[in-house]
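Heads up: the structure comes next, in structure tokens.
The values are calculated or read from the model by the stated rules, or taken from the named source; none is laboratory data. Since the structure is predicted, the reported quantities are computational estimates derived from the model, not experimental observations. Positions of Cβ are backbone-derived with ideal geometry, glycine not excepted, and every protein chain shown enters the neighbour counts. For the accessible areas, the whole protein counts, side chains as well, though only heavy atoms, and no ligand, DNA or RNA atoms are used. Shrake-Rupley method; radii C 1.70, N 1.55, O 1.52, S 1.80 Å.
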Amino acid sequence: MAFVEFIAPDQASQETRQMYDRQAGFFGYLPNYATVFSLRPEIMSLWAHLQAGIKAHMPLRRFELITLAAAHELRSSYCCLAHSKNLLTMFTVPEIRSIVLADGEGVLSDSEMAVVRHARLVARHAEQVTSADIDRLRDAGFDDGEIFDITAAAAARAFFTKLVDGLGAEPDAVYAELDPELLETMVVGRKVSTAR
């Protein structure tokens with residue numbers, strides 16, 4: 001499940017047990033990534049606050065598009081599966097596949113495609129972002145505060161994916177129940193866990 005030993009709920013500190021309870025309460029099961037954070041539950045709390053702060057400044061649809069694009073570029077099966085599942089409330093499976101395979105051409109608005117492309121660029125080669133790239137977001141209608149938010153969402157995804165993948169957490173077995181075409185498109189890194 002992961003390359004580090006996680007702390008079992010019956011041996012966990014109060015802080016870790018509370019983190020487990022929050023995660024299990026939200027998902028209906030304890031996700032594999034949460035067990036990695038059992039070693040440092042305070043980091044999970046900081047991550048949750050960071051995510052909430054970033055999400056507070058943009059529509060949920062934009063946040064999910066940025067996160068999926070960045071996760072796909074970072075080759076994180078876990079985040080691709082989780083956030084494509086979230087997007088199923090807004091898009092069909094073929095539309096979601098188009099977002100990751102063709103930047104949403106014919107599915108997203110021009111401004112949304114600009115956001116997806118910028119998220120990919122930040123995730124892939126942040127050091128290569130130029131003022132022209134930022135101007136493309138301005139031309140798409142985003143102000144500098146929104147550009148900060150878009151970039152922050154993509155950059156934050158790198159922290160989570162690198163930590164979770166770097167410690168060997170496999171995507172939860174529940175994702176194997178997703179549409180087969182979606183599953184095929186979103187498993188770009190680690191395979192889905194077979195352990196429930």
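Mind checking which of I54, A71, N32 is farthest towards the positive end of the chain's charge dipole, using Cβ charges of +1 (Lys, Arg) and -1 (Asp, Glu) about the Cα centre?
Toward the positive end, the furthest listed residue is N32.
Report the full-extension gain for the segment D144 to V129: residue separation times 0.36 nm, less the Cα-Cα distance, to one decimal in nm.
Answer, rounded to one decimal: 3.9 nm.
What number comes out for the charge environment of E105, summing +1 per Lys or Arg and -1 per Asp or Glu over other residues with Cβ under 12 Å away?
-2
When all protein chains stay in place, what accessible area (Å², nearest 10, 1.4 Å probe) is found for H57?
120
Mind running the shape call on the range 41-138? Use the C-alpha gyration tensor, a ≥ b ≥ c as the square roots of the eigenvalues: rounded below 1.5 for a/c, prolate if a/b tops b/c, oblate otherwise.
Verdict is oblate for the range 41-138.
For a test of the definition: using alpha carbon positions, the gyration tensor, and the 1.5 limit on a/c, classify the range 54-110 as rounded, prolate or oblate. Don't skip to the answer; put the middle values down first.
Numbers: a/c = 1.42, a/b = 1.07, b/c = 1.32.
Judged from the Cα gyration tensor, the range 54-110 comes out rounded (a/c under 1.5).
In whole Å, largest first, what are the principal axis extents of the Cα atoms in the chain?
54, 34, 27
Accessible area per residue, 1.4 Å probe, Å², for the range 64-196: what's the number?
For the range 64-196, the solvent-accessible area averages 45 Å² per residue.
Among the GluC sites (Glu not before Pro) within the range 1-72, which fall in a DSSP loop and have no more than 13 other Cβ atoms within 10 Å of their own Cβ?
The qualifying sites are E5.
Residue farthest toward the positive end of the dipole of the chain, with Cβ of Lys/Arg at +1 and Asp/Glu at -1: which of V4, S84, T161?
V4
Mind telling me which of L46, L87, L167 comes out most flexible in a GNM of the chain, alpha-carbon contacts under 10 Å?
L46
Decide, for the range 114-168, between rounded, prolate and oblate: order the square roots of the alpha carbon gyration tensor eigenvalues as a ≥ b ≥ c, take rounded if a/c falls under 1.5, and otherwise choose prolate if a/b is larger than b/c, else oblate.
prolate
Assigning unit charges at the beta carbon (Lys, Arg +1; Asp, Glu -1) and nothing else, what dipole magnitude in debye, to the nearest 20, does the chain show about its Cα centre? Walk me through the numbers on the way to the answer.
Working: 19 positive and 27 negative charges, 79 e Å.
Charge dipole of the chain: 380 debye, to the nearest 20.
When the label point is put 7 Å from the Cα of L46 along its Cα-to-beta-carbon vector, which residues of the range 158-175 have a backbone N closer than 16 Å?
158-164
Projected onto the charge dipole of the range 46-196 (+1 at Lys/Arg Cβ, -1 at Asp/Glu Cβ, origin at the Cα centre), which of S111, A152, V174 gives the Cα projection farthest towards the positive end?
With unit charges placed on the Cβ atoms, the residue in question is V174.
Taking the Cβ of A126 as the centre, find all other residues whose Cβ is under 14 Å away and add up their charges (Lys, Arg: +1; Asp, Glu: -1). Don't jump to the answer; show the numbers that get you there.
Working: positive: R117, R120, R124, R157, K162; negative: E73, E127, D133.
Within the 14 Å Cβ shell, the charges total +2.
With all protein chains present, how much of the accessible area of the chain (probe radius 1.4 Å) comes from carbon and sulfur, to the nearest whole percent?
54
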